[in-house]
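Everything below concerns the one structure shown next.
No lab work stands behind these numbers, since they all come straight from the coordinates. Here the structure is a predicted model, which means the values were calculated and not measured. Counting neighbours? That spans all protein chains shown, and the Cβs are built from the backbone with ideal geometry, glycine included.
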Amino acid sequence: MIMSVTDQRFEFQRPRLIAKKVLAEPRVAGRGAVFRRSIGRPELESLDPFLLLDDFSLSPPAGFPDHPHRGFETVTYVLQGGISHQDFAGNKGIIHAGDVQWMTAGRGMVHSEMPAGEGTHTGLQLWINLASKDKMIEPMYQELLSDDIPKAEKEGVEVKVIAGEAMGVQSSLYTRTPTMYLDFTLKPNAEYHQSIPEPWNSFVYIIEGEGVFGMPNSSRRSAHHILVLGPGEGVSMWNKSSKPLRFILGGGLPLNEPVVQHGPFVMNTQAEIDKAIEDYNYAKNGFEMARQWRSK
Ligand code: FJE
Ligand code: FE
């Protein structure tokens with residue numbers, strides 16, 4: 001099919017445009033820990049169903065010693081080095097660069113997350129809320145090793161499909177809250193157009209380089225910015241720079257339920273939060289194994 005130059009520029013009749021742009025400024029949190037929080041900072045308190053997105057850099061002695069979670073999922077994607085984890089059910093391991101740990105905390109999880117050895121360990125941690133009906137399910141893990149993450153490449157665009165679908169490639173991951181998590185790398189001069197289900201909220205988090213998103217004449221956006229996308233059929237992206245562009249495209253179906261958060265407990269009502277604190281303190285209703293357990 002022959003298209004005019006102007007037609008070719010518009011892959012979607014209703015492209016998603018950048019509705020909000022926030023810089024995730026670095027915050028030093030004790031010795032060895034630097035965080036760039038994008039979702040969860042005051043300018044972007046949440047983006048239903050997403051509660052938090054941290055771009056972290058950890059070196060010893062920094063880390064997250066034993067702490068609980070209830071009511072949501074944590075997705076840890078290591079970019080450099082490794083994160084050593086242990087939980088109160090005896091699970092342990094190292095998430096290496098390129099690996100993903102998709103943890104559904106459900107009714108209760110207590111674990112530690114520490115840098116795996118000397119040096120600097122970096123990655124992204126995303127918190128995804130669970131629907132009211134799923135908040136108290138049994139905890140579970142889905143581990144995706146780097147080599148097992150489906151990849152596709154076309155015309156200077158590479159995508160790792162952690163959750164959802166892109167370029168005809170589908171992730172095998174099961175997401176209780178319908179979610180997409182795509183790691184895109186565009187070579188200079190590459191462009192791509194990614195569909196996103198209409199009712200979903202979505203964002204771009206730029207890891208490296210500079211990119212143009214939404215319309216071809218939009219301004220270039222640089223690393224460590226989160227771009228909240230507005231409504232539409234999908235997002236168009238261009239690398240008009242001379243360096244590689246890498247970013248995460250995240251999306252999810254909003255739950256549209258009340259959110260009451262107290263640190264690592266995320267529930268629908270204050271009464272449920274009080275219950276979570278009590279359950280954790282008295283080691284019951286999912287926190288039984290917390291009574292004796294300490295990480296090594
Ligand atoms: C935390 C409760 C938590 N961002 N990025 C309260 F569970 C956490 C927490 C993390 C975290 C862990 C890793 Cl490996 C990477 C993270 C939050 O564990 F920071 C607070 N304040
Ligand atoms: Fe944690």
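General observations
- Angle between the chain longest axis and helix 270-281 axis [Cα atoms, degrees, rounded to 10]: 50
- Three-way shape call for the range 23-146 based on the alpha-carbon gyration tensor, with the a/c threshold at 1.5: oblate
- Low-density loop cleavage sites - chymotrypsin sites (Phe, Trp or Tyr not before Pro) in the range 227-273, where at most 13 other Cβ are within 10 Å (DSSP): none
- Peptide packing for 46-54, 16-24 was compared via the average number of neighbouring C-beta atoms within 10 Å per residue; ordered from the highest value, the list is 46-54, 16-24.
- Ordering 106-116, 79-89 by mean Cβ neighbour count within 10 Å, with the highest value first, yields 106-116, 79-89.
- Other residues within the sphere of radius under 14 Å centred on the Cβ of Ser112, judged by their own Cβ, net out at 0 (K and R +1, D and E -1).
- Per principal axis, descending, Cα span of the chain in whole Å: 68, 42, 34
- Normalising the average separation of contacting C-alpha pairs (under 8 angstrom, six or more residues apart) by the number of residues puts the relative contact order of the range 149-257 at 31 percent.
- Estimated [θ] at 222 nm from DSSP helical runs (n ≥ 4, -39500 (n - 2.57)) normalised by residues in the chain, nearest 500: -1500 deg cm²/dmol
- Between Arg14 and Ile94, the FRET efficiency from the beta-carbon distance, with R0 = 45 Å, is close to 0.55.
- Sorting the Cα pairs of the range 149-257 by distance into bins of 10 Å, from 0 upward, gives 16, 50, 30, 5, 0 percent per bin.
- Radius, Kirkwood style, for the range 71-205 when every pair of distinct Cα atoms is counted (Å): 16.1
- A straight line joining the Cα centroids of the range 219-263 and the range 49-65 runs 19 Å.
- Pairs exceeding a 29 Å alpha-carbon distance, out of Lys160/Lys275; Lys21/Lys275; Lys20/Lys160; Lys92/Lys151; Lys160/Lys296; Lys20/Lys275: Lys160/Lys275; Lys21/Lys275; Lys160/Lys296; Lys20/Lys275.
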